[in-house]
Structures are given as structure tokens and as C-alpha cells.
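I have placed the structure first, in the form of C-alpha cells, so that the comments after it can refer back to it.
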Amino acid sequence: MALSRRDFLKQSGYAGGASGVLLSAQRIGWAEAVDVLRSTMVRKSEAGTAKTNTATIDAERMRSIAAYTALTLETPNPVPFGADIVNTKTGERLMRGYNAVGAEHDPSAHAETRCIRLACQKLQGFSLRGYTLYTTCEPCPMCMACALWAGLDRVVYGATIADANRFTLQIQIPASEVAKRSDMTCIVDGPIEQEVCVTLFTHPNMQKAFRTWSSRRGE
């Protein structure tokens, strides 16, 4: 059964505020105004579905990189920091890596910067436009700056800087703040699968390793 004008407006979320729609109906006719409303509703529905799909995909990818990073917890050099770089549109992985500060004797070899370096070497270029970085922990200012200079579309993180700061020293500036103060554009999303990523820090082997890190809290 066809909806009445009043019922349609109610179901469309315009109850009590339909004056603009009714004025449009007076100008272009009721049928045309209804078509406009329906088109708007479809666009909003599609946008909501896309947002839900993105959240699901982000969660799956974060769990994947967390599982990959967890493999280091059974090695002599356990780390809680891992990163993936994937094609923003297709999801195809370009590069994966984890923190290698100790292994490479390089204080800048954080998971994110290391992954960006390796990705750029693979592409033989310095731009990662069209790619998204997933990382088990919110990037420090150094890593976020590197992501901005590389032109990444998005940075998606798991644990927060505050989470990491419970176990090891951090520069406590949010990644989103670094991005906001930049001339470059990069979307920063997180935390995603925060609890899963925090378990990388609380694992017994990682806790033991933290006590040997030169950057451990309280030193």
C-alpha cells in the first residue's frame, strides 16, 4: 500500500521538520520531491553501509597484523609494534614489518618508519599515496611525520600512545595532532581492536623484555 505524505515524511526522518520538503513539493511537485527524498535516503543508507564495511575491514586487518606481531613474542627479540601497508582501494598488501630498533641498532627503526622505508624501496619511489598504514600502536610523532611525508591516505592504529606509555617511554603527542598541524593531509583512525593490541604489551615475554629496554619507564 502506498504511503501517505505524512507517513512518508515520518519514515524519512522529517517528522516535525518537513517544511523545507513541503516547500520543495510546492515548487517542483510532490512526486519530484519524494524522488529527491528517496535518493537522499539511499545515499545515507549507502554511506552508513560503507562506513560499517570499512570498520569491519579495519578490524580484520588490525587483528591480522597483531597476530603477525605476536609471533615475535616467542623470539629473543619480542616487540609489540607491527605495521602493514596496503592498497587503500584493493586492500592488497604492499609491505609488512615490525619494530627492529634493537635488532638493527637503529633508534628510528620503529615498525611504521621501517615499513614505510621498505615499501618505498619496493616501489622505487618516495610516495605512498593510494596506500593505508595499519599499526598495532598509535604512531609516535616521528612515525606520524614519516607517514605524512610519504603521502599515505590513512593511518589506522590499535593501542594508543597512552597504552604504550604504561610500559615504555613515549613522546605523548597524539598522531591526530601531528596530522592536524601539518600541511599534508592524512586521515588518522583509531583505536581499532585496542584490547587485542594491548595484549601484545602485557604478554609475559614482552613484560620481561621491557625490563631490559633502555627506554623502560622509571629508568
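The values are calculated or read from the model by the stated rules, or taken from the named source; none is laboratory data. Computed from a predicted structure; not experimentally measured. Cβ placement follows ideal geometry from the backbone for every residue including glycine, while neighbour counts extend to all protein chains displayed. Areas reflect the complete protein model, heavy atoms only, side chains present, ligands, DNA and RNA absent. Shrake-Rupley method; radii C 1.70, N 1.55, O 1.52, S 1.80 Å.
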Answer residue from the range 158-175, given it is assigned to a loop (DSSP other than H, G, I, E, B) and open to solvent by less than 40 Å² (accessible area, probe 1.4 Å) and is modelled with the highest pLDDT among those: 160
Test: residue 113 is part of a helix (DSSP H, G or I), crowded, with 16+ Cβ neighbours inside 10 Å and not small (Gly, Ala, Ser): yes
All positions within the range 132-152 that are crowded, with 23+ Cβ neighbours inside 10 Å and outside any helix (DSSP H, G or I): 132, 133, 134, 135, 136, 137, 138, 139, 152
From 155, 178, residue being open to solvent by less than 20 Å² (accessible area, probe 1.4 Å), in contact with a helix residue (DSSP H, G or I) (Cβ under 7 Å, 6 or more places away or on another chain) and either part of a helix (DSSP H, G or I) or not polar (S, T, N, Q) (or both): 155
Of all residues in the range 121-130 being closer than 10 Å to residue 94 by Cβ and of a type in the set (A, V, I, L, M, F, W, C), the one that is surrounded by the most Cβ atoms within 10 Å (Cβ to Cβ): 128
Residue list for the range 94-109, filter: surrounded by 15 or more Cβ atoms within 10 Å (Cβ to Cβ) and touching a residue at least 24 places away in the same chain (Cβ under 8 Å): 94, 95, 96, 98, 102
Filter result (surrounded by fewer than 19 Cβ atoms within 10 Å (Cβ to Cβ) and touching a helix residue (DSSP H, G or I) at 6+ places or on another chain (Cβ under 6 Å)) within the range 71-93: 73, 77
Index of the failed condition, residue 102 passing every other in (1) of a type outside the set (S, T, N, Q); (2) over 24 Å from residue 182 (Cα atoms); (3) assigned to a strand (DSSP E or B): (3)
Subset of the range 91-112 (residues that are among the polar types (S, T, N, Q) and either modelled with pLDDT under 95 or within 16 Å of the chain's Cα centre (by Cα) (or both)): none
